[in-house]
Amino acid sequence: MALALLVAANPASGGDGDVVEIEEHWSLAVGGPDALRTAPQVSMVMSPAGGIDSDFFLLSLNHWSYPGFEPGGVQLQHWNGENWRSSKSASNELPLDTDGETIRWAQRLTLSDCSLTYEVFNAESTTWGNFAAGEALKITTHTELARLNGYLPATSLTESGIGYAGNRVSSLVLEKLRWRFDGDDEYQEMVAPIDIDADLDP
């Protein structure tokens, strides 16, 4: 029931204004990582308008996937449909090697003056430390969007996941959503932890 509610939810339904900021708060619990095999590998997607036909952002955990595969670390990519736009990476490029660690981070979309910003913040990892320090995982791009009311958590939930070694992940959880309307300093919040880890293949 909680999953159905969250997938169907749209932050814009909570008010009459324009949504200008959206946050997703995530946790990834790792069990038995294999540094030699770069396992597990996780990819997270967030889109400002729902779907991946226009602008979206891809966060690769424990690997880089563009322009080619590189083991370890964290990489952020900006895409427009099938077209790559830009990428950034965290300074720590080590592969995950701490059994039982829980990685936590939040990812935020902000709309301001025809600019769309995606950034990772409040990032914590035993292996990588604060892997979003110094705006390492922040990209700003021009946009024609006037609001973020088209955002759908379903895009994040269905497009994100464990791409390799799902048996080495205990859980991948969307802990909560937060969003803010234009002209409002207070955030709206939906707390409905959803574990999207369904990949148990080695």
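The values are calculated or read from the model by the stated rules, or taken from the named source; none is laboratory data. These numbers were taken from a predicted model, which means no experiment stands behind them. Note: ideal-geometry Cβ built from the backbone for every residue, glycine included; neighbour counts use all protein chains shown.
Results for (1) more than 17 Å from the chain's Cα centre (by Cα); (2) among the small types (Gly, Ala, Ser), shown as yes or no for each residue.
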{"position": "Leu76", "(1), (2)": "no, no"}
{"position": "Asn92", "(1), (2)": "yes, no"}
{"position": "Asp97", "(1), (2)": "yes, no"}
{"position": "Ile103", "(1), (2)": "no, no"}
{"position": "Ala106", "(1), (2)": "no, yes"}
{"position": "Ser112", "(1), (2)": "yes, yes"}
{"position": "Ala133", "(1), (2)": "no, yes"}
{"position": "Leu137", "(1), (2)": "no, no"}
{"position": "Leu148", "(1), (2)": "no, no"}
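Screening Ala90, Ala49 for residues that are of a type in the set (A, V, I, L, M, F, W, C) and under 26 Å from Val19 (Cβ atoms) leaves exactly one candidate, Ala49.
Filtering the range 61-114 to residues that are in contact with a Phe, Trp or Tyr (Cβ under 7 Å, 6 or more places away or on another chain), hydroxyl-bearing (Ser, Thr, Tyr) and at pLDDT 95 or above leaves Ser87, Ser89.
Each row is one residue, and each column tells you yes or no for (1) farther than 14 Å from Thr141 by Cβ; (2) among the small types (Gly, Ala, Ser); (3) part of a loop (DSSP other than H, G, I, E, B); (4) without any contact (Cβ under 8 Å) to a residue 60 or more places away in the chain.
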position: Ile52; (1), (2), (3), (4): yes, no, yes, no
position: Phe57; (1), (2), (3), (4): no, no, no, no
position: Leu61; (1), (2), (3), (4): yes, no, no, yes
position: Gln75; (1), (2), (3), (4): yes, no, no, yes
position: Ser87; (1), (2), (3), (4): no, yes, no, yes
position: Pro95; (1), (2), (3), (4): yes, no, yes, no
position: Gly100; (1), (2), (3), (4): yes, yes, yes, no
position: Arg104; (1), (2), (3), (4): yes, no, no, no
position: Arg108; (1), (2), (3), (4): yes, no, no, no
